[in-house]
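The values are calculated or read from the model by the stated rules, or taken from the named source; none is laboratory data. Note that the structure is predicted; figures quoted are calculated from it, not measured. Note: ideal-geometry Cβ built from the backbone for every residue, glycine included; neighbour counts use all protein chains shown.
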């Protein structure tokens, strides 16, 4: 139904902040110091898309705890422009049956799809010709 670039299971994650190109991670690691991980796992519930036409297909969470955590990121100096808690599943190239796609998306509207673990990790995105992968730089564990 969807043609596109699906995210490999090991690369699934919730992005709090996309930092772009940084010369070094030291400043970001220091800004992470006041943060604490989520106190418990958070449910992923429902599916959504970004863009018109849709370009990103994602699993979402509307749990208050994520928005409260986003406020802590802002206080630590991170810019969470239009924060929408989500996990990207696919970068869409084409939807072959849009009507059916909308029906399936609605079927999953209130289904629990998994959970977000209580961890904050700074990753470096590494792009290769074959795929992208993420190199762990620092984690908030307390």
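Every residue, every condition in (1) touching a residue at least 40 places away in the same chain (Cβ under 8 Å); (2) under 25 Å from residue 6 (Cβ atoms); (3) over 16 Å from the mean Cα position of the chain (by Cα), yes or no:
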position	(1), (2), (3)
50	no, yes, no
53	yes, yes, yes
58	no, yes, no
66	yes, yes, no
72	no, no, yes
79	yes, no, no
84	no, yes, no
88	yes, yes, no
96	yes, yes, yes
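Take residue 39 and decide whether it is in contact with a helix residue (DSSP H, G or I) (Cβ under 8 Å, 6 or more places away or on another chain), loosely packed, with under 15 Cβ neighbours inside 10 Å and modelled with pLDDT of 90 or more.
For residue 39, the condition - in contact with a helix residue (DSSP H, G or I) (Cβ under 8 Å, 6 or more places away or on another chain), loosely packed, with under 15 Cβ neighbours inside 10 Å and modelled with pLDDT of 90 or more - is met.
If you check 65, 80, 35, 19 for being in a loop (DSSP other than H, G, I, E, B), within 20 Å of residue 139 (Cα to Cα) and touching a strand residue (DSSP E or B) at 6+ places or on another chain (Cβ under 7 Å), only one passes: 35. If you filter the range 50-62 down to residues that are over 16 Å from residue 16 (Cβ atoms) and in contact with a strand residue (DSSP E or B) (Cβ under 6 Å, 6 or more places away or on another chain), you find that the one that is surrounded by the most Cβ atoms within 10 Å (Cβ to Cβ) is 57.
Taken together, the residues in the range 105-124 that are closer than 23 Å to residue 54 by Cβ and surrounded by 13 or more Cβ atoms within 10 Å (Cβ to Cβ) amount to 5.
Within the range 94-101, is even one residue in a loop (DSSP other than H, G, I, E, B), surrounded by fewer than 17 Cβ atoms within 10 Å (Cβ to Cβ) and modelled with pLDDT of 90 or more? Within the range 94-101 (the criterion being in a loop (DSSP other than H, G, I, E, B), surrounded by fewer than 17 Cβ atoms within 10 Å (Cβ to Cβ) and modelled with pLDDT of 90 or more), the answer is yes, since at least one residue qualifies.
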